[in-house]
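Visitor: Quick one: the structure is below, questions incoming.
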Amino acid sequence: MYIEKSRVESQTKINDNTFLLKVKSPSIAISASPGQFCNVKVSENTTPLLRRPFSICDVEGESVYFLFDIHGEGTKILSQKKIGDKLEILGPLGNGFQFQGDYETAIIIAGGLGSAPFPFLTKKLSDYKDVISLVGARNKDLVITHNLRNVSVATDDGSIGFHGTVIDLLKRKIEALSKNKFRIFACGPNPMLKALQLYCNESNLDCQISLESVMACGFGICQGCPIDSADGESYLLVCKDGPVFDSKAVRL
Amino acid sequence: MSGIDLSVKVGSLKLKNPILLASGTVGYGNEIAQFTDLSKLGGIVTKSLSLKPRKGNPPQRITETPSGMLNAIGLANVGVEVFIKEKIPFLKKLNTTLICNIAASSIEEYVECTKILNDEETIQAFEINVSCPNVKEGGLVFGNDIKSVGRITEQVRKATNKPLIIKLSPNVPKISDFAEVVMKEGGDAVSAINTLVGTSFDIKTRRPKIKNITGGLSGPAIKPIALAKVLEIKRNVDIPIIGIGGIMDWKDAIEFMIVGASAVQLGTVNFINPNAGIEIIDGMESYCEQYSVNRIEELTGSFQL
């Protein structure tokens with residue numbers, strides 16, 4: 001883990017509200033694993049005070065990419081960063097996906113901005129696993145398929161791709177895959193993850209979900225990001241025990 | 001080497017420098033040790049311990065506010081037994097002064113915790129949290145009741161000979177009265193201030209942003225209040241003070257010492273810059289050089305009115 005002063009290398013607008021930021025962060029780039037995140041100080045002022053957590057979207061040489069949308073003051077400031085600006089980045093943080101193991105096909109499920117961690121995972125998997133990506137969104141303008149492979153899209157309003165939820169789309173795909181061993185990797189809004197968790201746990205499918213939470217430190221000292229363990233007996237921390245959890249390990 | 005003496009005394013507690021990391025912002029040392037060399041600090045104050053483990057409050061526990069944050073963690077902690085078994089061995093190796101913070105829901109529990117932990121040589125002092133704003137037992141926050149604070153100090157004093165620090169609540173009309181009670185009942189020092197009660201609502205849903213409804217406000221937003229409280233204690237009561245409240249850099253730390261703090265604690269800043277402690281020590285040393293302060297202790301209460 002590093003605190004690295006990082007230079008903005010590019011800032012690309014992906015859609016109306018979504019940006020792809022590239023920073024030069026050699027130490028973080030070399031040590032990052034898919035599914036991990038960084039905690040980014042977007043300003044040197046005390047407003048906003050806290051860092052903002054972002055999934056590592058991709059790594060390329062000494063550069064790290066973050067995919068984000070404008071959600072509040074912090075992300076607004078981040079969206080205004082220009083080439084040459086410096087950002088102080090803490091990372092890589094969290095556990096990341098368990099992507100090694102005995103399976104043939106990786107099924108990526110992304111809802112909206114939940115696509116963020118998957119370009120990096122796709123890159124790491126492509127050499128030795130089949131990857132299919134199911135991307136869901138409310139409508140066609142919100143579909144983010146940046147650097148994903150074998151993409152099928154589902155939209156709530158049917159404006160593009162499958163008309164329905166990405167979980168309904170998954171159920172159809174899985175029927176066709178039945179003879180393969182597969183593992184599901186998912187990230188997206190909570191209702192999507194809840195529906196996925198219910199389906200995967202009932203059908204006993206191998207599924208990892210990446211969660212997001214409000215947090216302050218990002219490495220376990222503030223205790224600000226608890227999530228119920230599956231038995232409800234204790235809390236796990238999204239930052240340190242996650243952000244990736246086996247779908248059977250947590251209560252959403 | 002500048003030759004400046006950075007060591008300070010807080011009552012009978014000697015520290016190699018005035019920078020402590022505050023309870024609840026450093027866990028039990030292990031996570032933050034990845035980012036900073038804890039042996040260079042004056043010391044660390046561990047997350048509040050209670051007799052039995054506490055799960056803490058349900059999420060959402062924190063939210064950001066202008067130049068600050070609200071938290072209602074609810075004293076989530078591993079409990080005394082696990083602390084001794086699993087956390088002390090690591091803390092022992094740190095080569096930094098270890099102050100153990102204790103929170104409890106009864107006077108008996110404070111005493112019991114202190115007695116159990118008192119045998120641990122690694123623990124050099126106790127800080128008693130009478131002022132967590134987020135956990136109420138029977139509707140009472142001890143820290144807001146002067147008789148309770150006096151009684152806790154008196155009883156815990158009997159349970160240990162180690163330096164005893166009482167962490168005071170700012171959510172009271174006159175904090176110096178509380179400091180005076182601590183002094184009379186045998187406390188060695190007070191730390192001031194704990195967080196201020198605050199809240200924040202979402203205007204779209206009209207719901208509180210944190211589940212506990214209210215939380216403790218910390219960060220630079222509270223620094224002027226904390227400074228005023230430290231100054232008030234300094235001017236009215238003869239007891240060493242550990243200043244806490246929104247310290248972000250060395251200038252803030254110096255300011256706290258000038259108004260009366262013998263040492264300071266860093267809290268929220270650790271979440272943003274886990275190496276802040278060391279940077280602040282360096283900055284304080286440079287300040288001392290520039291202003292010909294040979295012993296940093298000379299700063300304590302050196303305000304000019």
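Every read-out reported here was derived from the displayed coordinates using simple, explicitly stated rules and does not represent laboratory data. Predicted, not measured: the structure shown is a model, and the values here were computed from it. All Cβ positions, glycine included, derive from the backbone under ideal geometry; neighbour counts span all protein chains shown.
Visitor: Sort A:102, B:5, B:188 so the one with the fewest other Cβ atoms within 10 Å of its own Cβ comes first.
Guide: Working: A:102 7, B:5 14, B:188 20.
If I rank by nearby Cβ atoms, fewest first, I get A:102, B:5, B:188.
Visitor: How do B:49, A:67 line up, fewest other C-beta atoms within 10 Å first? Intermediate results must be reported in sequence, preceding the final value.
Guide: Numbers: B:49 29, A:67 25.
Going from least to most buried by this count: A:67, B:49.
Visitor: Let me ask you something else. Mind listing the phi-derived Karplus ³J(HN,Hα) values for region A:60-77, rounded to whole Hz, using 6.51, -1.76 and 1.60 with θ = phi - 60°, and x for any glycine or proline?
Guide: Going residue by residue, I get 9, x, 9, 10, 10, 10, 10, 9, 8, 10, 7, 10, x, 5, x, 6, 5, 4 Hz, with x marking Gly and Pro.
Visitor: When the distances between all Cα atoms of region A:40-98 are binned every 5 Å from zero, what whole-number percent does each bin get?
Guide: Percent of pairs per bin, in order: 4, 15, 28, 28, 16, 7, 2, 0.
Visitor: If I build a Gaussian network model for chain A, linking alpha-carbon pairs within less than 10 angstrom, which residue out of A:12, A:145, A:105 has the largest mean-square fluctuation?
Guide: A:12
Visitor: Which of B:221, B:192, B:263 ends up with the largest GNM mean-square fluctuation for chain B, with Cα atoms connected below 10 Å?
Guide: Comparing B:221, B:192, B:263 in the GNM, the peak value goes to B:221.
Visitor: Order by neighbour count: B:284, A:215, A:192, fewest other Cβ atoms within 10 Å first, most last.
Guide: Details: B:284 25, A:215 28, A:192 21.
By the 10 Å Cβ count, ascending, the order reads A:192, B:284, A:215.
Visitor: To continue, here is another question. Taking only the alpha-carbon positions of chain B and ignoring solvent, what does the Debye formula give for the base-10 log of I(q)/I(0) at q = 0.11, 0.13, 0.16 Å⁻¹?
Guide: -0.60, -0.86, -1.36
Visitor: Please give the helix A:166-177 orientation as an angle from the longest Cα principal axis of chain A, in degrees from 0 to 90, rounded to the nearest 10.
Guide: Computed tilt is about 50 degrees.
Visitor: Also, quick follow-up: Treating only the Cα positions of region A:1-136 as identical point scatterers, give the base-10 log of I(q)/I(0) from the Debye formula at each q in 0.16 Å⁻¹.
Guide: Log10 I(q)/I(0), no solvent term: -0.80.
Visitor: Over what distance in Å are the Cα centres of region B:228-305 and region A:28-69 separated?
Guide: 32 Å
Visitor: Further, regarding this structure: How about region A:1-89: which GluC sites (Glu not before Pro) there lie in a loop by DSSP and see at most 12 other Cβ atoms within 10 Å?
Guide: Values: sites: A:4, A:9, A:44, A:60, A:62, A:73, A:88; in loops: A:44, A:62.
Qualifying residues, ordered by number: A:44.
Visitor: Could you tell me the center-to-center distance, by alpha carbons, between region B:192-208 and region B:23-99 in angstrom?
Guide: 23 Å
Visitor: As an exercise, find the ratio Rg/Rh for region B:38-153 from alpha-carbon atoms, using the Kirkwood inverse-distance average for Rh. List each step's numbers first, then the result.
Guide: On the way: Rg = 15.0 Å, Rh = 15.3 Å.
Result: Rg/Rh = 0.98.
Visitor: Once the Cα gyration tensor of region A:105-210 is diagonalised, what are the square roots of 5 times its eigenvalues, in whole Å and ordered largest first, as equivalent ellipsoid semi-axes? Before the final figure, lay out each step's value.
Guide: Working: eigenvalues 70, 54, 32 Å².
Gyration-tensor ellipsoid for region A:105-210: 19, 16, 13 Å.
Visitor: A further question on this structure: Could you state the per residue volume, in Å³, of the convex hull enclosing the Cα atoms of chain A? It would help to have the intermediate numbers written out before the result.
Guide: Numbers: hull volume 29.6 nm³, N = 252.
Spread over its residues, the Cα hull of chain A gives 117 Å³ apiece.
Visitor: Separate question: For chain B, give me the percentage of DSSP beta bridges that are antiparallel, rounded to the nearest 5 percent. Walk me through the intermediate numbers first.
Guide: On the way: 17 of 46 bridges.
Rounded to the nearest five, the antiparallel share is 35 percent.
Visitor: Right, another one. If the convex hull of the alpha-carbon atoms of region B:175-305 is projected onto planes in all directions, what is the mean projected area in square nanometres?
Guide: Details: hull surface 40.1 nm².
Across all orientations, region B:175-305 yields a mean hull projection of 10.0 nm².
Visitor: Give the average, rounded to an integer, of partner chain Cβ atoms located within 10 angstrom of each Cβ in B:24-36. Kindly include the intermediate steps, with their values, before the conclusion.
Guide: Working: counts 3, 5, 2, 7, 1, 1, 2, 10, 4, 0, 4, 7, 1.
Counting other chains' Cβ atoms within 10 Å and averaging over B:24-36 gives 4.
Visitor: Over the protein assembly as shown, consider all pairs of different Cα atoms and compute the Kirkwood hydrodynamic radius from their mean reciprocal separation; express it in Å, one decimal. Mind showing how you got there, number by number?
Guide: Values: mean 1/r = 0.0402 Å⁻¹.
Radius from the Kirkwood sum: 24.9 Å.
Visitor: Per the helix-only calculation at 222 nm, which mean residue ellipticity applies to chain A, given -39500 (n - 2.57) for every DSSP H run of n ≥ 4 and division by its residues, nearest 500 deg cm²/dmol?
Guide: Working: 5 runs with 46 residues, N = 252.
Helix-only estimate at 222 nm: -5000 deg cm²/dmol.
Visitor: Would you mind checking the radius of gyration and Dmax of region A:173-232 based on alpha-carbon positions, in Å?
Guide: 14.7, 45
Visitor: Here's something else I'd like to know. At 222 nm, what value in deg cm²/dmol follows for chain B if DSSP H runs of at least 4 each add -39500 (n - 2.57) and the sum is divided by all its residues, to the nearest 500?
Guide: Working: 9 runs with 88 residues, N = 305.
Using -39500 (n - 2.57) per qualifying helix, the result is -8500 deg cm²/dmol.
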